[in-house]
Amino acid sequence: MRRRRRCAPPMGTSSARAAERVRTRGDLRMSGHSKWATTKHKKAAIDAKRGKLFAKLIKNVEVSARVGGGDPAGNPTLYDAIQKAKKNSVPNDNIDRAVRRGSGEGADAVSYEEIMYEAYGPAGVAILIECLTDNRNRAVADVRTAVTRNGATMADGGSVQRLFDRKGIVTVPRTFEVEEGRRSVERTVDEDQLLEATIDAAVEDLRDQGDVFELVCDPNDLVEVRKAVQAAGLDYDSAEVSFVASFNQTVDDVDEATKLERIIDAVEDLDDVQNVYSNAEYSPQVEEALAEQE
């Protein structure tokens, strides 16, 4: 589920959107810039995005290990956090160190606090901001600055969160590769196959998001649904608890949508922010216009 242009997301979707769509900021067409300078600029922006994504995935591993212990076999949340980090190419050594830190091993053991912040953007869009931080004062100051400087307003506690429900989300790619002998073979899954694979699991909804399917369930049934997908020999991109909006707020003005994108980008760039959810739903015309801006 995309966390930006559909209801909540995911996109942990949140974090997850940043993994799937890396964008380079800045005007790279300035006169006097060589092709090599442009390439270096673009690579630096991509590397910066990748670095922020890695940091968020590592933090998620640390927190999962702290809450449920450092053994993935007995801690499904940690198992899924590790799998997500691996699928996004986080080195195994980094993951192992994160597990040790989260378990309280070593001198660099760290403890994070989960905080939710709430805001309203243009067109009355509700924005829910999920943070993991070791410094509450820094987190609230950074979030408030990013929100207000970009034209949104902070909301009273609970006024936005009540518009979202906690749901388990298992994201399954439409196409994936499997090893057959010494070669990789691409497989495709359709909606009927996925429904059949999870018929005995407690799936509440199946959503076609284009390149991926999203299986929605109660958070307590997340592991059951993920295991059903694996038992059917299918791949999955992530299995995590997210916030899903109870209703969508349609945005059909390009300027308002562009402003909302800028707000969410600014918040997502903060080190303490793990996921950003909104209930925005863009009209087809707005989706097309935003795609042309990228």
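Here, each number is a calculation from the coordinates, and none is a lab measurement. These numbers were taken from a predicted model, which means no experiment stands behind them. When we count neighbours, we look across all protein chains shown, and the Cβ atoms used for this are built from the backbone with ideal geometry, even at glycine.
At-a-glance table
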item	result
Mean Cβ count within 10 Å, highest first, over the residues of peptides 123-135, 53-65	53-65, 123-135
Order by protection proxy (mean Cβ within 10 Å, highest first), peptides 255-265, 143-153	255-265, 143-153
Gain in span if fully extended, Ser159 to Lys86, counting 0.36 nm per residue against the direct Cα distance	22.7 nm
Separation of the Val178 and Ala141 label points, Cα + 7 Å toward Cβ, nm	5.4 nm
Stretch gain in nm, segment Ala232-Asp269, where the contour uses 0.36 nm per residue and the Cα spacing is subtracted	9.6 nm
